[in-house]
Amino acid sequence: MKKIIINIFVLALVALTSCTDRFQEMNDNDYTSGDMDPKYQFTFIQAKIFSNGHEGYRGNLIMAGPMSGLTSNPQYTQGQGFNRSDSFTEASWTLLFGDITKNIEDIRVRLQAKMDNEGEENTGKLAQVAIVKVINFLRITALYGDIPYSEAGKGYSEGILYPKYDTQEEIFEQMIAELLEARTNLAAGNLFSEDYYYGGNADSWERLCNSLLMKIGIYMSAGNESRGQEVFAEAYGTGKYISALSESAILEHNESDGPWGQTTNGSGVANEGRVGGQSYQFFSDKALVSMQKLQDPRIFWVASHIDNSGSSTAAFANTSEYSNFDPFAYNDQDGDEFKYVHYRGAKEGDRPDGNRGIYMVGDNVGYSAYTITEVDEFGNSYNNLGYKFSEGGQYGQLVAVSPATILNATSPTIVFGSDEAHFMIAEAAQRGWVSADKMTHFKTGVEQAIKKYPTFFGGGDYVTRFIDLYKDQSNPSYNWEDEVQNYVSTVASNLGSNGDPLEAIVYQHWLSQIGNGYNSFAIWNRTHYPSFVKQNISGEDRSISLPVMNVDPLKDQTASKVGTQNIELHTGGITNGNRPARFPYPNREFTVNPTNANDAVRNQNDNPSSDFISAKQFMSF
């Protein structure tokens, strides 16, 4: 794998802005844009969908991640509260169908024209463009279902101003055809060497192409299993898919043009609170507890308390303020005696008393704090609820997706990781689709899902600091490398012993996508695993039981439980408690393209509620 730092993106953006303004002229004469090297458009379509902080904040951190049940956003609860917000859900659509789609179509037309009219050999480059097109559109169809595909972006090249919405099944079939053709054509002529993923290496692009075919096959498992199996088995049978960490498709990021620029990790810069304030991207309590129970060693890489005492959201790094630090201590029993644990997730709901409540004193709810907000003249930290961190505050603060390591402005984007490929193969073997060794691929997937962090991500010094803290204060014999192998062995030996082995495989796949809400939501949506992420929140699931304490336990550790109290957690949103299976189409689509948008809504009618956001997609279980 060749990593290329984004260093020509600003120049590309300037060129593309001019290009966008001149599309009508290009429609009349493709060659008028020939003064701009197509390599700039190619790197643009590779990077843009991963580099937008506005969209990353809304599409990923507020909506998709919480909808997947892996993360929680107790401040902006539209996603986990099963509600609508056009200002949040339109951002992903606008990102794709704004500049990206137009540039995908324009570069395709221009490369083809140069082949037809000048004899320039662009077959391999067109194959790369086709693969990147699938990467872009696969995210958006997994969020919205039926979308414009075959006619998308052709307003200037073919005069199609109101594109039809293809069904998701049709989209998958078109993607399959395009990928198969691209796979054949990768060896025909030169590739773009200005390539953020692989530097123009044809073998690597072939592996990515086959891995995408496998992913589409898996996506079809609920809608058309026999066809999904056929597609998956054909791609897997080539033996050329992303298998090693070094073969993963990686997009590097930097801040050459600032936090609002085009080179950052969009979700990462949002997670640092630099494109609109604190993102409130915390772990869901169920996901976190599931990790803590198995002493998952990736906790050191993915989780942190957060600190907003400076100019942006940072991981809290002052280890001197912790006592008896244990990131694996958990409390998953509602109504129990208050437990002094360091890492707490936010409960899934749209009621603040429920999703942040951890105890009551009299009639008053005691909440988990969000973040450190102040450091006094003596170096003591205080959280937003006024608790001194070195005292009770360390036991009453939510734990976030870490901005020090996996989700910050310069964190790499894993466009397609080898761990994901191994989880898909293990799942396909479990389904009986291929004759692969399920256990080998499962174990490899788990190990790579953990080791990808020290392989690709920064923040190792931060991780080491907290591992050493845990060793010094709680577990002197702890060795992270050994615990990775122990974890892999444990989950492998438990595979199938505690229920459906398919769920165990999917759970690890889902967990491997921490910080990538798009993928984690797609995984849940097509399988409804893990089962602790409920498809329907009703009855007793809409409330929780909090312990009623005689005094505030964060101020007095002699506090004792004197009773319990049920409080509301989830109102059910606009779907009567049915977890959304999609984003709604942007409101403006019903104004600018009303016939096609309304037809798409009518055509997707497998809906357990009265609101479209719970209507199942073709790929939904």
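Only residues that are at positive phi and either surrounded by 17 or more Cβ atoms within 10 Å (Cβ to Cβ) or of a type in the set (A, V, I, L, M, F, W, C) (or both): list them for the range 454-503, please.
Hit for the range 454-503 is Gly459, nothing else.
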| said: On the basis of being closer than 30 Å to Gly223 by Cα and surrounded by fewer than 18 Cβ atoms within 10 Å (Cβ to Cβ), does Asn550 make the cut? | reply: no
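Does any residue of the range 155-163 turn out to be open to solvent by 40 Å² or more (accessible area, probe 1.4 Å) and either under 24 Å from Gly124 (Cβ atoms) or not in a loop (DSSP other than H, G, I, E, B) (or both)? Spell out the reasoning first.
Restricting attention to the range 155-163, the residues satisfying the condition of being open to solvent by 40 Å² or more (accessible area, probe 1.4 Å) are 156-162.
Next cut, either under 24 Å from Gly124 (Cβ atoms) or not in a loop (DSSP other than H, G, I, E, B) (or both) only: 157.
Yes: the range 155-163 contains one or more residues that are open to solvent by 40 Å² or more (accessible area, probe 1.4 Å) and either under 24 Å from Gly124 (Cβ atoms) or not in a loop (DSSP other than H, G, I, E, B) (or both).
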| What do you reckon, is Tyr340 in contact with a Leu (Cβ under 8 Å, 6 or more places away or on another chain), open to solvent by 40 Å² or more (accessible area, probe 1.4 Å) and more than 21 Å from Leu407 (Cβ to Cβ)? | no
| request: Being among the hydroxyl-bearing types (Ser, Thr, Tyr) and within 21 Å of the chain's Cα centre (by Cα) is the filter; apply it to the range 386-436 and report the residue that is most open to solvent (accessible area, probe 1.4 Å). | output: Thr410
| query | So, of the residues in the range 537-582 that are assigned to a loop (DSSP other than H, G, I, E, B) and free of Cβ contacts under 8 Å to residues at least 40 places away in the same chain, which turns out to be nearest to Tyr144 (Cα to Cα)? | reply | Asn576
| Which one of Leu469, Leu495 is aliphatic (A, V, I, L, M) and in contact with a Ser or Thr (Cβ under 6 Å, 6 or more places away or on another chain)? | Leu469
| remark: When Phe300 is run through (1) within 24 Å of Ser512 (Cβ to Cβ); (2) modelled with pLDDT under 95; (3) outside any loop (DSSP other than H, G, I, E, B), the failure sits at (2)
| query | In this structure, is Ser87 modelled with pLDDT of 95 or more and among the small types (Gly, Ala, Ser)? | reply | yes
| note | For the range 375-391, pairs from a residue that is farther than 21 Å from Val341 by Cβ to a residue that is open to solvent by 40 Å² or more (accessible area, probe 1.4 Å), with Cβ under 6 Å and 6 or more apart or across chains, are Val375/Ser309; Asn380/Lys388
| message | For the range 74-96, give me each residue that is of a type in the set (S, T, N, Q), crowded, with 24+ Cβ neighbours inside 10 Å and part of a loop (DSSP other than H, G, I, E, B). | response | Thr77, Gln80
| said: Of the residues Ala12, Ala47, only one is in a helix (DSSP H, G or I), under 16 Å from Asp257 (Cα atoms) and modelled with pLDDT under 95; which? | reply: Ala12
| request: Name, by its number, the condition in (1) open to solvent by 50 Å² or more (accessible area, probe 1.4 Å); (2) polar (S, T, N, Q); (3) over 27 Å from the mean Cα position of the chain (by Cα) that does not hold for Ser311. | output: (3)
| task | Report, by residue number, each residue of the range 111-145 that is open to solvent by 10 Å² or more (accessible area, probe 1.4 Å) and either basic (Lys, Arg) or touching a strand residue (DSSP E or B) at 6+ places or on another chain (Cβ under 8 Å) (or both). | result | Lys114, Lys125, Lys133, Ile135, Arg139
| Counting only residues that are out of contact with any strand residue (DSSP E or B) (no Cβ under 8 Å at 6 or more places or on another chain), outside any loop (DSSP other than H, G, I, E, B) and surrounded by 24 or more Cβ atoms within 10 Å (Cβ to Cβ), how many does the range 248-290 have? | 5
| task | Identify, by number, the condition in (1) at pLDDT 95 or above; (2) surrounded by 20 or more Cβ atoms within 10 Å (Cβ to Cβ) that Arg351 doesn't meet. | result | (1)
| note | Residue count, the range 560-594, condition in contact with a Lys or Arg (Cβ under 7 Å, 6 or more places away or on another chain) and of a type in the set (S, T, N, Q), comes to 1
| message | I'd like to know if the range 166-184 contains one or more residues that are under 25 Å from the mean Cα position of the chain (by Cα), free of Cβ contacts under 8 Å to residues at least 12 places away in the same chain and open to solvent by 10 Å² or more (accessible area, probe 1.4 Å). | response | yes
| message | Checking Asp99 against (1) outside any loop (DSSP other than H, G, I, E, B); (2) modelled with pLDDT of 95 or more; (3) charged (D, E, K, R), only one condition comes out false. Which one? | response | (2)
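The values are calculated or read from the model by the stated rules, or taken from the named source; none is laboratory data. This structure is a prediction, so every number in the text was calculated from the model and none was measured. As a convention, Cβ positions derive from the backbone with ideal geometry for all residues, glycine included, and neighbour counts pool all protein chains shown. To get the accessible areas, we keep the full protein, side chains included, count just its heavy atoms, and leave off ligands, DNA and RNA. Shrake-Rupley method; radii C 1.70, N 1.55, O 1.52, S 1.80 Å.
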